[in-house]
1. Confirm whether Ala45 is at negative phi, surrounded by fewer than 12 Cβ atoms within 10 Å (Cβ to Cβ) and either modelled with pLDDT under 90 or in a strand (DSSP E or B) (or both).
2. Checking Lys85 against (1) buried (at least 17 other Cβ atoms within 10 Å of the Cβ); (2) assigned to a strand (DSSP E or B), which single condition isn't satisfied?
3. Kindly list, by first and then second residue, each pair from a residue in the stretch 13-37 that is in contact (Cβ under 8 Å) with a residue 60 or more places away in the chain and exposed (fewer than 13 other Cβ atoms within 10 Å of the Cβ) to a residue that is assigned to a strand (DSSP E or B) and aliphatic (A, V, I, L, M), limited to pairs with Cβ atoms under 9 Å and residues at least 6 apart or on different chains.
4. Would you pick out the residues in the stretch 1-22 that are over 16 Å from Asp111 (Cα atoms) and within 16 Å of the chain's Cα centre (by Cα)?
5. Within the stretch 1-28, which residues are out of contact with any helix residue (DSSP H, G or I) (no Cβ under 7 Å at 6 or more places or on another chain), closer than 17 Å to Pro78 by Cβ and either among the basic types (Lys, Arg) or not in a strand (DSSP E or B) (or both)?
Amino acid sequence: MKEFKFKIGAKDYSASVEEQENGLLQVTVNGKAYEVELPEHASAAHKPIVRPTTAAAPAAAAPAAAKPAANSANITAPLPGTITKVVANAGTQVKKGDVLVVMEAMKMANDITAETDGTVTKILVQPGAQVQSGDALVELG
């Protein structure tokens, strides 16, 4: 389990991430638990879903992300938000966990990281861009 403590503005946050079976993560932010499905484990028919573990409301359908080239993988937005910073550049070698893009969602800055080691082949967003859950942000080769 990974644990994080951070501050946004004057508000303190505490988050933990615990990997579960079938590519699911249990993400807890300030005591509120969410079940998160990782894109690489999701079937082609549906995209990642982020939902509170106690919520009973149905999730809205996510738009289909652009299909990556045969030897590449798209890093997608886990939830709707606004791109605030693009950290990576095309041609940059990255390792799993390196920050590629920062996006604001639900009044929090979220680091979008590389899911595998690779080379950034294409940056698909710019700062200020509004993205939806499942939208492609960066292409890794």
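The values are calculated or read from the model by the stated rules, or taken from the named source; none is laboratory data. Nothing here was measured: the structure is a model prediction, and the numbers come from that model. Quick reminder, even Gly has a Cβ in these numbers, built from the backbone with ideal geometry, and neighbours come from all protein chains shown.
1. Yes: the conditions hold for Ala45.
2. (1)
3. Pairs that qualify, where the first residue is in contact (Cβ under 8 Å) with a residue 60 or more places away in the chain and exposed (fewer than 13 other Cβ atoms within 10 Å of the Cβ) and the partner is assigned to a strand (DSSP E or B) and aliphatic (A, V, I, L, M), are Tyr13/Val29; Tyr13/Met108.
4. Keep residues of the stretch 1-22 that are over 16 Å from Asp111 (Cα atoms), which gives 1, 9-12, 18-22.
Matches in the stretch 1-22: Glu18, Glu19.
5. Once the filter is applied, which keeps residues that are out of contact with any helix residue (DSSP H, G or I) (no Cβ under 7 Å at 6 or more places or on another chain), closer than 17 Å to Pro78 by Cβ and either among the basic types (Lys, Arg) or not in a strand (DSSP E or B) (or both), the stretch 1-28 yields Lys2, Gln20.
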